[in-house]
Amino acid sequence: MSRWLVKRILRASGIHSRYRIPWNWKLGTRLYSKGSFKKTYRQEAFKVLIQEVYRNSKFYREHLKRYNLKNVRTPADLGDFFTYPEQLENHPEDFICQKPDIYFETSGSSGRPKKIGLTREDFLLLAFTTAHGLKKMGMQKNDLFLNAYSYGIWVPGLILQNALEMLGVPVVPVGHQKPEVIFEKIVDYRPTIVGILPSSLIVITKLAERYKKELPKIRWFQTGAQHIPLKTKEWIKTVWGANVVNGYGATEFGGTFAIECYEGKGYHFNDLLFWVEILNPDQDGYGELVVTTLAFRCMPLIRYRIGDITRFVNDRCDCPFRTAKIDYILGRKDDMFKAAGNNLYPGYFSKAVVEGVFLGVEIDTNEEIDRIKIRVTEGSKVDLKRLDTFILDTIEKDELIVETKFESPNSHTGRKIPEVIDLRSWD
């Protein structure tokens, strides 16, 4: 895509930046006027990508040499080839195509932290797309953003910081502090938008309920990394008068991969930067999320199996985002567990949380009956009658015991919390 087209996109979005916004694929401006632009763009970008990684990545050169790459036009043409997290975890240097300018790490919730390198152009492209998304959501220059995400080796803090600079929006870089500190800064600086982890948001909302003075007029909370039930969002809006917009992402994909639909119909993802597949979908369309990154120059990923279970959503909505959608994450493939003779995911049990934050499930056995404890933050409310109909219709009451277990968010130091803890003995 030419620089002329990037400038045109910038003018259309209203974003004026001192940065030189990069774009990796020179596809020609003729594509922009076609109705099939996205499809054509992805196909052309993928053909360039496959050649780039074959020339420059030790990992992909070794694994793709069995293919005639001239005949590979889509990720599906690679058949049974996939990239797995453990391969990236064990040998990240083999994925590098261009010298990294900055490194980030995953949380390590599914193993050792994975090192992810970005070129300066990769980083600025992610910041630009984040800025474009925030602009679509209604962010203005007179807003004040309080950033309570980590500025350490995790990607969201710095990406947001640079996106806000592109928009000319001032920021309070609080970082990932104790909820009490975050609340103190919110009261002091009175931001209009707050970026924060859901577990911290729950705590500061309880502090806000006890606060005797007038609360700042926050427009919305930007959250991610943990699921927030609808009832919890309604409670937060009652206290703060602010909406909660949740994001879904992974450091491997440069942070926020998708943003929640305003109408609660899943997540919109950037279908120009990512080619998404759903592997082996079941009768309801649920399968494993597989992602190809089309625009990263340092460590592009082809058919990366992150392990999350979701499906495509084709419902129309009135969101400002006019992009493709995936459903809320049902669970991780590795988190599937057997209980009472059934294959289950934590997502089935998250629906029982009507107020609070769902942390996962803990499984144990009592007198040969599986006992599942729904792990939630302290003070959360759980309605066991709201469990998915699959569980209510499939599992007899005397085959499975479901309870609630409260945990303090302060007891978790990691950015992500394991969703399944299996305490059963398999001796």
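Below, the figures for the structure above:
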{"read-out": "Count of the stretch 235-277 residues which are open to solvent by 30 Å² or more (accessible area, probe 1.4 Å), modelled with pLDDT of 85 or more, under 20 Å from ILE196 (Cα atoms) and not hydroxyl-bearing (Ser, Thr, Tyr)", "value": "5"}
{"read-out": "Of all residues making up the stretch 87-96, the number that are open to solvent by less than 20 Å² (accessible area, probe 1.4 Å) and in contact with an Asp or Glu (Cβ under 9 Å, 6 or more places away or on another chain)", "value": "1"}
{"read-out": "Where ASN71 falls short, out of the listed (1) at pLDDT 90 or above; (2) surrounded by fewer than 12 Cβ atoms within 10 Å (Cβ to Cβ)", "value": "(1)"}
{"read-out": "Matching residues, the stretch 340-349, being modelled with pLDDT under 80 and either closer than 30 Å to LYS206 by Cα or not polar (S, T, N, Q) (or both)", "value": "ALA340, GLY341, LEU344, TYR345, GLY347, TYR348"}
{"read-out": "GLN161 vs. criteria open to solvent by 30 Å² or more (accessible area, probe 1.4 Å) and assigned to a loop (DSSP other than H, G, I, E, B)", "value": "no"}
{"read-out": "Scan of the stretch 284-297 for residues that are in contact (Cβ under 8 Å) with a residue 60 or more places away in the chain and aliphatic (A, V, I, L, M), ordered by number", "value": "VAL290, LEU294, ALA295"}
{"read-out": "Leading residue by the ranking (modelled with the highest pLDDT) among those in the stretch 31-68 that are more than 19 Å from LEU273 (Cα to Cα) and not in a helix (DSSP H, G or I)", "value": "SER57"}
{"read-out": "Checklist (1) part of a helix (DSSP H, G or I); (2) over 17 Å from the mean Cα position of the chain (by Cα) applied to SER199, failing item", "value": "(2)"}
{"read-out": "The stretch 316-347 - residue that is of a type in the set (D, E, K, R) and not in a strand (DSSP E or B) and, of those, farthest from VAL245 (Cα to Cα)", "value": "ASP334"}
{"read-out": "Meets criteria (among the hydrophobic types (A, V, I, L, M, F, W, C) and either assigned to a helix (DSSP H, G or I) or in contact with a Leu (Cβ under 9 Å, 6 or more places away or on another chain) (or both)) for ILE153", "value": "no"}
{"read-out": "Test: residue in the stretch 106-123 that is closer than 15 Å to GLY254 by Cβ, modelled with pLDDT of 85 or more, surrounded by 17 or more Cβ atoms within 10 Å (Cβ to Cβ) and among the basic types (Lys, Arg)", "value": "yes"}
{"read-out": "Inter-residue pairs, beta-carbon under 6 Å, first on the phi > 0 side of the Ramachandran plot and in the stretch 237-259, second open to solvent by less than 20 Å² (accessible area, probe 1.4 Å) and at pLDDT 85 or above, 6+ apart", "value": "GLY254/LEU126; GLY255/ILE159"}
{"read-out": "The stretch 187-228: number of residues that are among the β-branched types (Val, Ile, Thr) and over 30 Å from LYS351 (Cβ atoms)", "value": "2"}
{"read-out": "Count - residues of the stretch 308-324 that are open to solvent by 10 Å² or more (accessible area, probe 1.4 Å) and either among the β-branched types (Val, Ile, Thr) or in contact (Cβ under 8 Å) with a residue 60 or more places away in the chain (or both)", "value": "5"}
{"read-out": "Close pairs (7 angstrom Cβ cut-off, 6 or more residues apart or separate chains): within 20 Å of PRO75 (Cβ to Cβ) in the stretch 260-283, assigned to a loop (DSSP other than H, G, I, E, B) and open to solvent by 40 Å² or more (accessible area, probe 1.4 Å) anywhere", "value": "PHE269/THR323; ASN270/THR323; ASP271/THR323; ILE278/ARG311; PRO281/ARG311"}
{"read-out": "Test: residue in the stretch 136-151 that is open to solvent by 10 Å² or more (accessible area, probe 1.4 Å) and more than 22 Å from ILE186 (Cα to Cα)", "value": "yes"}
{"read-out": "Selection status of GLY287, modelled with pLDDT of 85 or more and of a type in the set (Gly, Ala, Ser)", "value": "yes"}
{"read-out": "Counted residues, the stretch 164-196 - those being outside any strand (DSSP E or B), touching a strand residue (DSSP E or B) at 6+ places or on another chain (Cβ under 6 Å), open to solvent by less than 30 Å² (accessible area, probe 1.4 Å) and not β-branched (Val, Ile, Thr)", "value": "2"}
{"read-out": "Selection from the stretch 74-86 of residues that are modelled with pLDDT of 90 or more and open to solvent by 50 Å² or more (accessible area, probe 1.4 Å)", "value": "ALA76, ASP77, ASP80, TYR84"}
{"read-out": "Subset of the stretch 325-343 [open to solvent by 30 Å² or more (accessible area, probe 1.4 Å), in contact with a strand residue (DSSP E or B) (Cβ under 8 Å, 6 or more places away or on another chain), touching a residue at least 40 places away in the same chain (Cβ under 8 Å) and over 17 Å from GLU260 (Cβ atoms)]", "value": "ARG332, LYS333, ASP334"}
{"read-out": "Flag for THR205 being in contact with an Asp or Glu (Cβ under 6 Å, 6 or more places away or on another chain) and within 16 Å of ALA242 (Cβ to Cβ)", "value": "no"}
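The values are calculated or read from the model by the stated rules, or taken from the named source; none is laboratory data. For clarity, every value in this text was computed on a predicted model and none was experimentally measured. As a convention, Cβ positions derive from the backbone with ideal geometry for all residues, glycine included, and neighbour counts pool all protein chains shown. The accessibility values were calculated without ligands, DNA or RNA, using every heavy atom of the protein model including side chains. Shrake-Rupley method; radii C 1.70, N 1.55, O 1.52, S 1.80 Å.
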